[in-house]
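Working notes for the structure below.
The values are calculated or read from the model by the stated rules, or taken from the named source; none is laboratory data. This is a predicted model, so every value here is computed, not measured. For neighbour counting, all protein chains shown are included, and Cβ atoms are generated from backbone atoms with ideal geometry for every residue, glycine included. Remember, those area values only see protein heavy atoms, side chains included, never the ligands or the DNA or RNA. Shrake-Rupley method; radii C 1.70, N 1.55, O 1.52, S 1.80 Å.
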Amino acid sequence: SDQNARAAHLLSGNHTRNAAVLVSSSRYWHNYRHVSNVLSLYNLLKTGGQFTDDNIILMIADDVPCDGRNPHKNAIYPEYARTGTGNSVYNADVEIDYRGTDVTVENFLRVLVGRHKKGETPSR
């Protein structure tokens, strides 16, 4: 059957592309570390050289950089560097696919199964 052929292809190790779905559905300042962790993973995947934005789906609430309590506007630092030292994991190179109210269980499941809403581009 078609399903068995697809499963055999996956088991044979002949896949040609890896993908990552990174999600932080946490909102608000007190969840700073959740956003920081996901963005740290995003940067790790990109600097490793095997992942590009075409291979990464990034879903974050994206409210921390502009939160009034953030002393470093438009920046997010790893938890150990919240003092503003080191490199921000949130910069112009971060390509966010789903942000704010688009970060939902429904959209997460749509990403996993590859079904997009009518009128939405599959490359999102």
For Tyr98, indicate whether it is more than 15 Å from Ser40 (Cα to Cα), at pLDDT 75 or above and of a type in the set (Ser, Thr, Tyr). yes
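Give region 101-124 a look and list any residue that's in a loop (DSSP other than H, G, I, E, B) and either modelled with pLDDT of 80 or more or of a type in the set (Lys, Arg) (or both), or say none. It would help to see each step written out before you state the result.
Let us first name the residues in region 101-124 that are in a loop (DSSP other than H, G, I, E, B), namely 103-104, 114-124.
Across region 101-124, the qualifying residues are Val103, Thr104, Arg115, Lys117, Lys118, Arg124.
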Return yes when Lys73 is basic (Lys, Arg) and modelled with pLDDT under 75 and no when it is not. no
Of all residues in region 76-95, which are more than 11 Å from Val35 (Cα to Cα) and either within 16 Å of the chain's Cα centre (by Cα) or modelled with pLDDT of 75 or more (or both)? Asn87, Ser88, Asn91, Ala92, Asp93, Val94, Glu95
May I ask you to list the residues in region 46-66 that are open to solvent by less than 40 Å² (accessible area, probe 1.4 Å), part of a loop (DSSP other than H, G, I, E, B) and either over 21 Å from Thr104 (Cβ atoms) or touching a residue at least 60 places away in the same chain (Cβ under 8 Å) (or both)? Phe51
